[in-house]
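Scroll down for the structure; my scribbles are underneath it.
The values are calculated or read from the model by the stated rules, or taken from the named source; none is laboratory data. All values derive from a computational prediction rather than experimental measurement. Neighbour counts run over all protein chains shown; Cβ positions are idealised from the backbone, glycine included.
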Amino acid sequence: MPKAVSEPPAGEKLASSTTAEDAAVTLRAAAKAVQAELKQRSVGATGAGKSVLEATALMAADPMLIKGAVKLITTNGTSAERAIWESAASVAEMLHNLGGYMAERATDVLDVRARIVAELRGVPAPGIPASDEPFILVADDLAPADTATLNPAVVLALVTSGGGPQSHTAIIARALGLPAVVAAVGVESIADGSAVYVDGAAGSITLDPDADQVAAAEAWAANAATLAVFSGEGATADGHLVPLLANVGGAADAVKAAAAGAQGVGLLRTEFCFLDRDEEPTLDEQVTAYRGVFDAFPGKKVVVRTLDAGADKPLPFLTDASEPNPALGVRGYRTDFTSPGVLKRQLAAIATAAEGTEADVWVMAPMISTAEEAADFAAMCREAGLKTPGVMVEVPSAALTSETILGLVDFASLGTNDLTQYAMAADRQLGPLAALNTPWQPAVLKLIQLTVAGSVAEGNNKPVGVCGEAAADPALAVVLVGLGVNTLSMTARALAAVAAVLAKVTLPEAQRLAGIALAAPSALEARARVRAELPVLDELGL
Amino acid sequence: MSERTATIASRVGLHARPAAIFAEAVGALPVEVTIALEGDPADDAMDASSILSLMSLGAANGQVVVLRAEGDGADEALESLVKILETDLDAE
């Protein structure tokens, strides 16, 4: 994937050999070329993607955009690249200020700008390359926005030089069922068009694959198809039930998850209702959105996570992007301190939505750090008429005080992605720290064990589930069950693989493997030793 | 100068898809067309072939806009554009 287009230096002027007229002509030609390319791509696209491509194609040669840039060239002697950069910046700002739907188009303008600048520089257009042939994508890292254009029918695997096991790339890969290797230092030097063999489970990339590796890749593709079906009841070989639920972000996800056999929703990320907006959604909007999810799981459990804004999920009306340490800032439940009322209204909406459906609705707050917060949240839930309040355990303090906390709420759900980040003091998105950011870290496993121990000590069998990426890793899922975790919630795509592996071990075996993992001297050792005892992983190519 | 008014029929106003269809149609015409919200000064009228201008105009469903053009074929051109605006393009 080409590197992101860099900003032309501020104040850059025309080269001495270029006249303003020449620059204007070059700019118009570049804009027309970008327009033609986008139009061509729109022909092959369908639905919403097609409309967006058609609209952005028009934007590329839009009179307002181009005239603005040409004016800068002729009156200020600005270079073509800098002129289009600035003109697009003002157009984007204008759209952003209009709010709502128009504000969302501001990013389209910036995307068009990057393409025009790339064209002027004679470098490949940014973004995921279009291709008729299936290919393996190699990039520095992938952003959440890239998921929209990533077509799993064409992209076979993901390899990034940055990121870590819990970065967006890993999450996208799991969601799409693609093999992936992240934090692979040096892959930027692989030449475009080289043949590579990627083994996501082993974490290896091999250049010039031999016949055996080609055969292995084909075998995996065949197996992946059979693994797509989950019978609908998670359990170990000796019949110990482990409900397998899905992590979803809206009604469409929920419907797919139900079709994939999920036994419920272990994590409903409610941000989908709030992102990209300038103001809070109305009660009615929220009720409709949540009901769409509840209706997909009549008679089943749906765990709703209240608004988790902040850090990598900023919300302009709720969080402060100028915080020095967003991951340690006002995020999740804490936004209730600085913007009281939003959470209360969300709980009212959840309660109203729950009344109209047959789902068993549970509610949990993210980023709970103290028993006092847990008590306050439980009180708010009761006031709203919600019967089953719980907390996410992602801040280490909550894991360490889980006995007290579980005395105040009905359940806990471990958010292993952030729990790992905080326990290991390692930013999830930094490649150099990738080795620290794996839930296989013995310290993280220990915190999970302590959370379960707290529930046992509390004495009421209150369930402890895992809804982080850890649950989607079949080998780690076995360890979690062995540690006493009651339910696992994951991307719907991972259900069949996790179920298949759990079905091959008894509970005592899972407990033994959990012990092995906890006693291991490192994350790598923990993973290797557990995997060595699960031959089913190789059989299924996991 | 020829002038026509039109009421925006597209359900969610003159946004991406309807705006794109309209802007392309304007681009194909032999005359230059401007567009403004009814009541706004003619001087502030925007280039109707610019999708970005159309989006910034923010014409909502039910709002009335004024189209202006001059030269040969201006009347016919404006008639065809009024037809487009008064069709619910979201319904297609």
Quick check: is even one residue across the stretch A:411-420 assigned by TED's automatic domain parsing to the domain that holds A:ARG291 and over 21 Å from the mean Cα position of the chain (by Cα)? yes
Name the single residue, out of those in the stretch B:19-63 being within 7 Å of chain A (Cβ to nearest Cβ) and of a type in the set (A, V, I, L, M, F, W, C), that is surrounded by the fewest Cβ atoms within 10 Å (Cβ to Cβ). B:ALA20
Do you know which of the residues in the stretch A:487-541 that are assigned to a strand (DSSP E or B) and of a type in the set (A, V, I, L, M, F, W, C) is farthest from A:SER413 (Cα to Cα)? A:MET490
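Count, please, the residues in the stretch A:252-290 that happen to be part of a loop (DSSP other than H, G, I, E, B) and of a type outside the set (Ser, Thr, Tyr).
So the answer is 12.
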Out of curiosity, is A:LYS32 within 22 Å of A:ALA89 (Cβ to Cβ), in contact with a Gly (Cβ under 7 Å, 6 or more places away or on another chain) and outside the structural domain of A:SER194 (by TED's automatic domain parsing)? no
Output for the stretch A:396-417, where each listed residue is buried (at least 24 other Cβ atoms within 10 Å of the Cβ) and either in contact (Cβ under 8 Å) with a residue 60 or more places away in the chain or closer than 26 Å to A:THR438 by Cβ (or both): A:ALA398, A:ALA399, A:SER402, A:ILE405, A:ALA412, A:SER413, A:LEU414, A:GLY415, A:THR416
Can you pull out the residues in the stretch A:433-453 that are modelled with pLDDT under 95 and among the hydrophobic types (A, V, I, L, M, F, W, C)? A:LEU433, A:ALA434, A:ALA435, A:LEU436
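Can you say whether A:ALA517 is of a type in the set (Gly, Ala, Ser), farther than 21 Å from A:PRO463 by Cβ, surrounded by fewer than 17 Cβ atoms within 10 Å (Cβ to Cβ) and in the same structural domain as A:MET424 (by TED's automatic domain parsing), as far as the supplied structure shows?
Against the criterion (of a type in the set (Gly, Ala, Ser), farther than 21 Å from A:PRO463 by Cβ, surrounded by fewer than 17 Cβ atoms within 10 Å (Cβ to Cβ) and in the same structural domain as A:MET424 (by TED's automatic domain parsing)), A:ALA517 does not qualify.
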If I filter the stretch A:103-110 for residues that are modelled with pLDDT of 85 or more and assigned to a helix (DSSP H, G or I), do I get at least one hit? yes
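For (1) under 28 Å from the mean Cα position of the chain (by Cα); (2) surrounded by fewer than 15 Cβ atoms within 10 Å (Cβ to Cβ); (3) under 30 Å from A:ARG291 (Cβ atoms), each residue gets a yes or a no:
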| residue | (1), (2), (3) |
| --- | --- |
| A:GLY186 | yes, yes, no |
| A:SER189 | yes, yes, no |
| A:SER194 | no, yes, no |
| A:ASP199 | yes, no, no |
| A:ALA217 | yes, no, no |
| A:SER231 | yes, yes, yes |
| A:ALA237 | no, yes, no |
| A:HIS240 | no, no, no |
| A:PRO243 | yes, no, yes |
Among A:ARG269, A:ARG305, the single one that is surrounded by fewer than 21 Cβ atoms within 10 Å (Cβ to Cβ) and not assigned by TED's automatic domain parsing to the domain that holds A:GLY99 is A:ARG269
Quick one: in the stretch A:484-498, of everything that is more than 19 Å from the chain's Cα centre (by Cα) and surrounded by fewer than 24 Cβ atoms within 10 Å (Cβ to Cβ), which residue is nearest to A:TRP440 (Cα to Cα)? A:GLY484
Single unsatisfied condition, A:GLY68 versus (1) of a type outside the set (A, V, I, L, M); (2) within 27 Å of B:ILE35 (Cα to Cα); (3) in contact (Cβ under 8 Å) with a residue 40 or more places away in the chain: (3)
Complete set of residues in the stretch A:111-141 that are at pLDDT below 90, surrounded by 14 or more Cβ atoms within 10 Å (Cβ to Cβ) and charged (D, E, K, R): A:ASP111, A:ASP140, A:ASP141
Report, by residue number, each residue of the stretch A:111-125 that is more than 13 Å from every other protein chain (Cβ to nearest Cβ) and within 14 Å of A:GLU81 (Cβ to Cβ). A:ALA114, A:ARG115, A:ILE116, A:VAL117, A:ALA118, A:GLU119, A:LEU120, A:ARG121, A:GLY122, A:VAL123
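When you go through A:ASP132, A:ASP108, A:ASP141 one by one, which is the residue that is within 14 Å of another protein chain (Cβ to nearest Cβ) and among the charged types (D, E, K, R)? Walk me through it before giving the result.
On the way: A:ASP132 fails: within 14 Å of another protein chain (Cβ to nearest Cβ); A:ASP141 fails: within 14 Å of another protein chain (Cβ to nearest Cβ).
Of A:ASP132, A:ASP108, A:ASP141, the one residue that is within 14 Å of another protein chain (Cβ to nearest Cβ) and among the charged types (D, E, K, R) is A:ASP108.
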For B:LEU85, only one of the following conditions fails: (1) buried (at least 17 other Cβ atoms within 10 Å of the Cβ); (2) touching a residue at least 40 places away in the same chain (Cβ under 8 Å); (3) over 15 Å from B:VAL12 (Cα atoms). What is its number? (3)
Tell me, which helices (runs of 4 or more DSSP H) lie completely within the stretch A:1-84 with 3 or more residues that are within 33 Å of the chain's Cα centre (by Cα) and farther than 14 Å from A:ARG113 by Cα? A:20-44, A:47-60
Can you name every residue in the stretch A:201-216 that is at pLDDT 85 or above and outside any helix (DSSP H, G or I)? A:SER204, A:ILE205, A:THR206, A:LEU207, A:ASP208, A:PRO209, A:ASP210
For the stretch A:328-354 the number of residues that are free of Cβ contacts under 8 Å to residues at least 24 places away in the same chain and in a helix (DSSP H, G or I) is 4
Give the stretch A:312-338 a look and list any residue that's of a type in the set (Ser, Thr, Tyr) and modelled with pLDDT of 85 or more, or say none. A:TYR333, A:THR335, A:THR338
Just to confirm my filter: which helices (runs of 4 or more DSSP H) fall fully inside the stretch A:368-407 and include at least 3 residues that are farther than 20 Å from A:THR335 by Cβ and more than 23 Å from the chain's Cα centre (by Cα)? A:402-406
Condition met for B:SER80 (within 11 Å of the chain's Cα centre (by Cα), more than 17 Å from A:ALA61 (Cβ to Cβ), touching a residue at least 24 places away in the same chain (Cβ under 8 Å) and more than 10 Å from chain A (Cβ to nearest Cβ)): yes
Restrict the check to the stretch A:38-53 and report whether at least one residue is crowded, with 19+ Cβ neighbours inside 10 Å and under 15 Å from B:SER50 (Cβ atoms). no
